[in-house]
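Notes follow once the structure below has been shown.
The values are calculated or read from the model by the stated rules, or taken from the named source; none is laboratory data. This structure is a prediction, so every number in the text was calculated from the model and none was measured. Virtual Cβ from ideal backbone geometry, glycine too; neighbours counted across all protein chains shown.
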Amino acid sequence: MRVQLTRNHGDDGAIAILVAVLAVLFAVIAAFVTDFGMAYAQRQALSTGADSAALAIVRNEQLRVVANPVLTCGQLVTDDSATASATALTQINSNAPFGSPLTAGQVTTTLQCVGSNQGTLQATVTVNKTVPTTFGAIVGARSIAINRTAAAALGAANTVGITPIAVCTNQALAIVNRAVSSHSPYAHELISLTKVWKAGNDCGSGGAGNWGFLDCTGNGAPSLSAGIQDGCNNGLTLDTSTTPATYAATGTPGNKGNSNPVQTAMGTIMDQVRVLPVYSSVTGNGANATYTVVGFLSVRICGYESNSKQQTGTCYLNGIDPVSKLDVTLTSDSLQVVYDGFTPAAAFNLNCAIGDTSCAFNAYKTGLIR
């Protein structure tokens, strides 16, 4: 038996309709894949640009505050809003997708003071861009709106890692007084790191066996070097029974200053600004030595020498300082620094605000908050 298949010519119209529907569907898919894919890429680039713009603004403001610590948050908002807008646009356009820069009208920048004491500066950057579509017009989507917002903050740090090298109060105040009298530029200074109980240090008796190094997490050279490099957030306890309140810190016996770990650590902090505790007296001996910390000296580290082993930075000065007229060439067990700031321990306040020079040893923190 033979079966003959015949074609119904009426099916041609149904197939044509199906092909047309699928063509439209594929066009819609192409619109989403192409247009929305391009929009997503631009959204990511603009998001990165907004983040970097907000961070750039608060970091610029941080430099201003460090250079002039009496500036308040309100003054920064008043003085720098226009500058902040220009900074944001420049930063965003450095990340502009596909080489298409934004205009000033597409970027909104605001500076405001936030926090419980209105002492923290917040920079908010918003990007608004309309991206025209290529295939999306087929389905009525002629453009895609991209909106990205980022915010960063600048505030006084609640805590600061100290560098575990104690400075006698008389030596610290001499540095402060010279800085105040000479104004800027500040002179290079030498800090002696000889035994704290040595005659003539004018900071009380006791401390036999100590060279001014403090105990962060242990008395060994590796622990000391870690504290030098990374800072110590522990080891200081506020004693509120004294008037004014003071901090207590324990000592590290022996001169570990020329050990390889300490030398290496000191090399990593050259040219950095670090916080050194200032003590008024020391009692006890060895690991039981207790330093009475009455303030914090912020300095740029320029050079260090112990037992003829030396570390120096680019700010190191070999010879006579032109401001102080003193010879600041490194000698054994000494530290060469440039003054940055001084905060009495009694004035330390965790409820910090920009412009409050009693806060956080003149140290500030920046970061993205949105």
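Checking each residue of the stretch 65-73 against the condition of being under 21 Å from Gly155 (Cβ atoms), under 22 Å from the mean Cα position of the chain (by Cα) and at pLDDT 90 or above gives at least one match. Counting only strands (runs of 3 or more DSSP E) that fall entirely inside the stretch 264-320 and contain at least 2 residues that are under 20 Å from the mean Cα position of the chain (by Cα), the qualifying elements are 273-283, 290-306. Does Ala50 count as closer than 23 Å to Ile144 by Cβ, modelled with pLDDT of 85 or more and assigned to a helix (DSSP H, G or I)? Criteria met by Ala50. So for the stretch 227-247 (the condition being among the β-branched types (Val, Ile, Thr), touching a strand residue (DSSP E or B) at 6+ places or on another chain (Cβ under 7 Å) and modelled with pLDDT under 90), does at least one residue qualify? Yes: one or more hits. Output the residues belonging to the stretch 44-64 that are surrounded by fewer than 20 Cβ atoms within 10 Å (Cβ to Cβ) and either of a type in the set (Val, Ile, Thr) or farther than 21 Å from Gln112 by Cβ (or both). The answer is Gln44, Ala45, Ser47, Thr48.
The residues in the stretch 120-160 that are under 19 Å from the mean Cα position of the chain (by Cα) and modelled with pLDDT under 85 can be counted, and the count is 6. The set of residues from the stretch 281-302 being of a type in the set (Gly, Ala, Ser) and more than 16 Å from Ile165 (Cβ to Cβ) comprises Ser281, Gly284, Gly286, Ala287. The sole residue among Tyr316, Tyr279 that is over 18 Å from Ala172 (Cα atoms), touching a Cys at 6+ places or on another chain (Cβ under 7 Å) and of a type outside the set (Lys, Arg) is Tyr316.
For every residue, the table says whether it meets (1) free of Cβ contacts under 8 Å to residues at least 60 places away in the same chain; (2) touching a strand residue (DSSP E or B) at 6+ places or on another chain (Cβ under 9 Å); (3) among the small types (Gly, Ala, Ser); (4) surrounded by 14 or more Cβ atoms within 10 Å (Cβ to Cβ).
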| position | (1), (2), (3), (4) |
| --- | --- |
| Thr217 | yes, yes, no, yes |
| Val262 | yes, yes, no, yes |
| Leu276 | no, yes, no, yes |
| Val282 | no, yes, no, yes |
| Phe296 | no, yes, no, yes |
| Asn307 | yes, no, no, no |
| Gly319 | yes, yes, yes, no |
| Val328 | no, yes, no, yes |
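Within the stretch 277-284, identify whether any single residue is of a type outside the set (A, V, I, L, M) and within 18 Å of Val337 (Cα to Cα), and answer yes or no. Yes, there is a match, as at least one residue in the stretch 277-284 is of a type outside the set (A, V, I, L, M) and within 18 Å of Val337 (Cα to Cα). The number of residues in the stretch 97-106 that are touching a Leu at 6+ places or on another chain (Cβ under 8 Å) and touching a residue at least 24 places away in the same chain (Cβ under 8 Å) comes to 2.
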